[in-house]
Amino acid sequence: MAKIFNNSISFDEQEFMALYNASGTRQGLIEALEEMHGYLGEEDAELKAFTESCVGKLKAMSDEEYLGLNLDSVLDADDGE
């Protein structure tokens, strides 16, 4: 089931989530993204919408699905490019 949900999350979304994933928990990531979102201004409309989409997807998934994202490896994979 986690695989199916993960397919709806783009690599850009995974990379973005990985940047804010200091807590290593789904709830902690949601809180970090919501906090960051609060600092964005009207000129950041695209980033606000992207953040809202990521938070929505995180809220819709289970903790098991979140762990299946394996966000710790996302930034490592990007370094290899």
query: In the range 6-31, how many are of a type outside the set (A, V, I, L, M), closer than 17 Å to V74 by Cβ and in a helix (DSSP H, G or I)?
result: 9
message: Against the definition (among the small types (G, A, S), out of contact with any His (no Cβ under 6 Å at 6 or more places or on another chain) and over 19 Å from S10 (Cα atoms)), how does S73 come out, yes or no?
response: no
field: From the options D63, D72, D76, D12, residue that is under 10 Å from the mean Cα position of the chain (by Cα) and exposed (fewer than 11 other Cβ atoms within 10 Å of the Cβ)
entry: D12
- line: Of (1) modelled with pLDDT of 95 or more; (2) loosely packed, with under 15 Cβ neighbours inside 10 Å, L33 satisfies every one except (2)
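Conditions tested, residue by residue: (1) touching a strand residue (DSSP E or B) at 6+ places or on another chain (Cβ under 8 Å); (2) acidic (D, E); (3) touching a residue at least 12 places away in the same chain (Cβ under 8 Å); (4) outside any helix (DSSP H, G or I).
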position: L33; (1), (2), (3), (4): no, no, yes, no
position: G38; (1), (2), (3), (4): no, no, no, no
position: A45; (1), (2), (3), (4): no, no, no, no
position: K48; (1), (2), (3), (4): no, no, no, no
position: E52; (1), (2), (3), (4): no, yes, yes, no
position: G56; (1), (2), (3), (4): no, no, no, no
position: K59; (1), (2), (3), (4): no, no, yes, no
position: S73; (1), (2), (3), (4): no, no, no, no
position: D76; (1), (2), (3), (4): no, yes, no, no
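The values are calculated or read from the model by the stated rules, or taken from the named source; none is laboratory data. The model shown is predicted, which means the values in this text are computed figures rather than measured ones. So basically every Cβ, Gly included, is an ideal-geometry build from the backbone, and we count neighbours across all protein chains shown.
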